[in-house]
Every structure is written in C-alpha cells, then in structure tokens.
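The values are calculated or read from the model by the stated rules, or taken from the named source; none is laboratory data. Because the structure is predicted, anything quoted here is derived from the model rather than measured. Ideal geometry is used to build each Cβ from the backbone, glycine not excepted, and the neighbour counts take in all protein chains shown.
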Amino acid sequence: MMELNESLWANYQYEILVSFVHHLAYWECSRAAYGRCGLQSELWTRTIDSYLLRAVIDWCMIFGTDSNEIHWKRVVPDKSDQEAFRKRLLSDLRMTGAEWKDYWSGVTTFRNDFASHRPGKSPHPCVPQMETALRAVISYDEWVRGVMHAGFDFVVNEPILLDRYHRLMRTSHEPFEKMIRLGPTVEQEYEGDPPHAQNKKDEIGT
C-alpha cells in the first residue's frame, strides 16, 4: 500500500491548499470587479496585488523547492509514488515534463524575485499563468483523495478544492464590486492632490 503522511496533509498542507484557492479566487474576482468599476484606487490595486502574491507564495509551499517543509513530496515520500503523481499531473495539465519544468521555473522565479524578495532586478518577472497553478492544485487534491479513499482509514470530510473554488467565484464577484465602488478613489486617498504617477498605477496582474 502507498505510504502517505496523512497527518502532514491533514494538519498543515491542506490548509495551505485552501488558502491558495481562496486567494486565487479573490484575486480573480476583485481584479474583474475593479476593471468593471473603472475607478482608480491605491487601496484596491494593492489589495488585489496582495491576493495574487499570497496565492503564489502558497502554491510554492506545496510545489516549489523540495526543501519546503510541507512540499507535496513530504506527504508522498516514496519515489515510485511520486512518479505516479507526476504522470497524473502531466496528463491532467496536458504538458510534457519540459513544459512543466519551464512553468515551475516561472512561478518560483516570480515568488523568489518579486513576491517574497526583491533582488533589485527591473522589471519584475512575468505574472504566472495562474489557471495552470490552479489545475495543478486540483490534480493533486483529487489524486490524494483517491489514494486515501482506496487504501486508508482516514476520512476527508472537507469539500474538494475545485468545489471550493467554484463556490468562491460564484459568491465573491458582487461583494467585491460593491466594496470597490465604495472607494476610496485616488482623489479621496490623497485628499484631492494625488501624485501624477499614481493616476497611472494599475495592479501587477495586467
């Protein structure tokens, strides 16, 4: 039977996976709402940015470097089992190993050189394609649940991450638009005298 660190997954890793899904959905919904409102607000551009940065950091805790304490390989320590998941992941993403490596490198570079650290490079790294990051998380969630269902006594009572994501996308658009329309706008934030450059700022995800 496959060796699986159930405690690490249930007590630590799953919480980060949920955090990723929430922050990604909030980023997508708030970004779309901000665009519909047609306003300029430093509060909201920075808030929207923060959702993206947190989602990238969360993702890298699970899929980044092997040394991360809650990396997926810590839950699946056996090499042959790790290879089984890699095959599942590449199949779900419809990627080759080289394409996954390139994608992984882009996300971790964005995390290392922008989200968590700033080495002084300009401009900042490209924003990763977050749909792929989500699909990787969903693939992993479904795979782990399938393994647990097949051979473990551990019962997963939490909803699958894909259902969480869809629920958040359904319920978050309207509240974000209402909050963004309440402001503050750049004019209000700077009491009628905003810096000229601030009028042209936008969130990093565009």
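Key figures
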| quantity | calculated |
| --- | --- |
| Restricting the range 51-80 to residues that are of a type in the set (D, E) and surrounded by fewer than 17 Cβ atoms within 10 Å (Cβ to Cβ), the residue that is farthest from A32 (Cα to Cα) | D78 |
| Matching residues, the range 101-114, being within 19 Å of V137 (Cα to Cα) and in contact (Cβ under 8 Å) with a residue 12 or more places away in the chain | Y103, W104, G106, V107, T108, T109, F110, R111 |
| E42 vs. criteria crowded, with 16+ Cβ neighbours inside 10 Å and of a type outside the set (S, T, N, Q) | yes |
| Residues of the range 10-30 classified as surrounded by fewer than 21 Cβ atoms within 10 Å (Cβ to Cβ) and not β-branched (V, I, T), total | 7 |
| One residue from D58, D102 being closer than 22 Å to D163 by Cβ, at pLDDT 95 or above and charged (D, E, K, R) | D58 |
| Flag if G64 is of a type outside the set (S, T, N, Q), more than 14 Å from E177 (Cα to Cα) and out of contact with any Asp or Glu (no Cβ under 9 Å at 6 or more places or on another chain) | yes |
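Every residue, every condition in (1) closer than 24 Å to D49 by Cβ; (2) of a type in the set (S, T, Y); (3) free of Cβ contacts under 8 Å to residues at least 24 places away in the same chain, yes or no:
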position: K79; (1), (2), (3): no, no, yes
position: L93; (1), (2), (3): no, no, no
position: P119; (1), (2), (3): yes, no, yes
position: A133; (1), (2), (3): yes, no, no
position: V147; (1), (2), (3): no, no, no
position: Y165; (1), (2), (3): yes, yes, no
position: M169; (1), (2), (3): yes, no, no
position: E189; (1), (2), (3): yes, no, no
